[in-house]
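Peer 1: My questions all concern the structure below.
The values are calculated or read from the model by the stated rules, or taken from the named source; none is laboratory data. As the structure is a computational prediction, the values presented were derived from the model and not from experiment. Because the Cβ atoms are built from the backbone with ideal geometry, glycine has one as well, and the counts that use them run over all protein chains shown. Only protein heavy atoms, including side chains, enter the accessible area calculation; ligands, DNA and RNA are left aside. Shrake-Rupley method; radii C 1.70, N 1.55, O 1.52, S 1.80 Å.
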Amino acid sequence: MGGGGGERNSMGVLVPTVNAGETSAPAGAETEAAVVGTEVVVVTERVAEEEEEEEVDKDILCPICMQIIKDAFLTACGHSFCYMCIVTHLQNKSDCPCCSHYLTTNHLYPNFLLNKLLMKKSARQMAKSATPVEQLRQAIQQGCEVSVKELDSLLSLLMDKKRKMEQEEAETNLQILLEFLQCLKKQKVEELNEIQNDLQYIKEDINAVEKRRIELYRTRGRYSAKMRTLVDDSSAMTVRPPLRDKGSGAIVSSPVNIQEQGRAGTSQTRNTDTRAPRNPQIVQRKDDNQGGSDSQDPNQPGKSLARKRRVHAQFNELQDCYLQKRRYWARQSQKQGERVANIMNRKGYSAGLEDFQSVLSTFTRYSSLRVVSELRHSDIFHSANIVSSIEFDRDDELFATAGVSRRIKVFEFSSVVNEPADAQCPVVEMSTRSKLSCLSWNNYTKNHLASSDYEGIVTSVMEYEEHEKRAWSVDFCRTEPSMLVSGSDDCKVKVWCTKQEASVLTIDMKANICSVKYNPGSSAHIAVGSADQHVHYYDLRNISQPLYIFSGHRKAVSYVKFLSNYELASASTDSTLRLWDVNENVPLRTFKGHTNEKNFVGLTVNSEYLACGSETNEVFVYHKSISKPAARHRFVSDDQNDPDGDMGSFFISAVCWKRDGPTIVTANSQGTIKALVLAA
């Protein structure tokens, strides 16, 4: 019965880990229960010891600081304190902190026994918390008796441990080094393969270019030989005088004479290359055909040298552009199969080389901006002259300007360029009730011009007043001329139809809208530049969320413009322009060089170039394939109060290309408008 009771007591402790539904257990289970019961008893004893230690700890705590007593002193009333604690107390009071018995410093005595116990306890605690190495060191330092044989075995054990640890550490280091070298080898092999592929592209392109040069040389040689033959025939007919009849003076034309005349003429013209020709007309024709472009343009060698200098100045940028285009077209050929891998154009160039040649020729062609005309946008009734927007009409015959002067002025471009500055007047001038922020010509109807102003009003065929705050941007759709889109500080993008009085679509966004633009090839896609530092690309058939969000700018996106149906440019007050591919949803390039931190400085694009203003009162032009500026022009102050020409307070406020030509119209915050043309 007693054993049974003991068994029930053991099992009672294990209730949390035993199934309550079992009423009997096999012999093995009884043994296991006994072992576990013993473990529980040991644990209980340890807990009891810890509790006793805690009680002892409480007994050795100083009643004043509640810490383990240091330098224990005993009072006459039998209480122990830290010496510094009780002395400090007695400086203020003359009683015991525990029993309030009268007490002075004369009644304090060192408690040697307690100090000895505290030292032993401290040593035991340190021994418990010390590592085995520290315990061994302490034992040896305390003079523990150890024989020489025990020390030898201990040293041998330690040396074995040391060698094992050194070996493990060496293996770990070698493993790390090996992994690094393998990773480096893989990276360098990939770079080597890429370089070998690039070298193969370069060799192929060198062969193609040399072959093309030989073909051009041969073609030019055949053409020159043909023209030389024609010149020789003409010289023979004009240099040798005809035979005349002695009696009548008439011209004698015999077949024999004609043949001899032809032979003589041919041999004569071969010898007349070193002599001055007699017929000036023949000289002109010969020079025109043999001289080529060099004879027609005496400055051609200088222009060629200048273009070569531009290549060397931007060599790294051009190198990156070449390799990027060559690799891209190589990947495209691999995707589309071998049937297009070897397709060449009529010059024998690959697609990548032809693409790069176009970039190289257009980029090196221009290096500066030349002023062709200048006019003032001043108004005697308004002191503010900032031009916010410049736009050309569909035929590039007229351009309109608008800004804070509350006036839209339409100029004829040919008159601005050809007539004197004093005679330049707008052909149309319209007043508005608020400052204007943006203009947009209708691509189909020449006399339709839309505007947005600081009161949030969008004006086209009619006025739209749904925006609650300042409207920054408006744009006509190119494929659907009755549609236009606007963006405002009220965080709304609105789509309008010129045939309706209310907006047909509204997109609510979380930040201010700085710019909106239709995709030139679609009436269903728009790009939105926002103060949230992103470019949002929407499909108007599903406005629940953007089709793409282009991230990269570090400040507000002030402008968005399309170079083509898939190339989108954006400007930001982080002093950068960025180019995006809206089909692949990837960034293409970042352009740096101008300064733009707070103002709207304008952005305009064509199929090859981007142009923007700068807060340094300069116009910057970038080629779309090169990150650095291709040309720039600085406005010079004509203010009499600014004799040094310091334009720090002025900035470029609007720019606009004249379609795909080299001409750009730009204006600054002073109201000066200039027509610039790209020049060598």
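Peer 1: Assuming R0 = 51 Å, can you tell me the calculated FRET efficiency for the pair Glu317 and Ala502, based on Cβ-Cβ distance, to the nearest 0.05?
Peer 2: Computed FRET efficiency for Glu317 and Ala502 comes out at 0.55.
Peer 1: To continue, here is another question. Which order do you get for Ser451, Ser100 if you rank them by accessible area with a 1.4 Å probe, largest at the top?
Peer 2: The ranking, largest first, comes out as Ser100, Ser451.
Peer 1: Note down the accessible area of Leu103, probe 1.4 Å, to the nearest 10 Å².
Peer 2: 0 Å²
Peer 1: In whole Hz and in residue order, list the ³J(HN,Hα) couplings for region 64-78 that follow from phi through the Karplus curve 6.51 cos²θ - 1.76 cosθ + 1.60, θ = phi - 60°; x for Gly and Pro.
Peer 2: 8, 8, 6, 10, 4, 5, 10, 6, 5, 10, 9, 8, 5, 8, x
Peer 1: With a 1.4 Å probe and all protein chains kept in place, how do Arg554, Arg376, Arg407, Arg632 rank by accessible area, largest first?
Peer 2: From most exposed to least exposed: Arg554, Arg632, Arg376, Arg407.
Peer 1: Just flag the trypsin sites (Lys or Arg not before Pro) in region 483-530 sitting in loop per DSSP whose Cβ has no more than 15 other Cβ atoms within 10 Å.
Peer 2: Lys499, Lys510
Peer 1: What nm distance separates the two modelled labels at Lys70 and Thr445, each placed 7 Å from Cα along Cα→Cβ?
Peer 2: The modelled label-to-label distance comes out at 9.3 nm.
Peer 1: Heads up, I need the accessible area for Glu412: 1.4 angstrom probe, whole protein in place, Å², nearest 10.
Peer 2: My reading of the accessible area for Glu412 is about 70 Å².
Peer 1: Also, quick follow-up: Report Asp205's accessible area, 1.4 Å probe, all protein chains in place, as a number in Å² to the nearest 10.
Peer 2: Looks like 10 Å² after rounding.
Peer 1: Still on this structure, please answer the following. So which chymotrypsin sites (Phe, Trp or Tyr not before Pro) in region 559-614 are both in a DSSP loop and have at most 15 other Cβ atoms within 10 Å of their Cβ?
Peer 2: Filter output for region 559-614: Tyr566.
Peer 1: May I ask you to derive the relative contact order of region 441-536, considering only C-alpha pairs under 8 Å and at least 6 residues apart, and to give it as an integer percent?
Peer 2: Reported as a whole number, the value is 20 percent.
Peer 1: Sort Val371, Val311, Val416 by heavy-atom solvent-accessible area, probe 1.4 angstrom, most to least.
Peer 2: Greatest to least solvent exposure: Val371, Val311, Val416.
Peer 1: Quick one: which residues, 5+ away or cross-chain, put their amide H under 5 Å from the amide H of Ile390? H built at 1.01 Å from N.
Peer 2: Val655
Peer 1: Can you work out ³J(HN,Hα) from phi for every residue in region 663-674, in order, using Karplus 6.51 cos²θ - 1.76 cosθ + 1.60 and θ = phi - 60°, giving whole Hz and x for Gly and Pro?
Peer 2: 9, 9, 10, 9, 9, 10, 6, 8, x, 7, 10, 10
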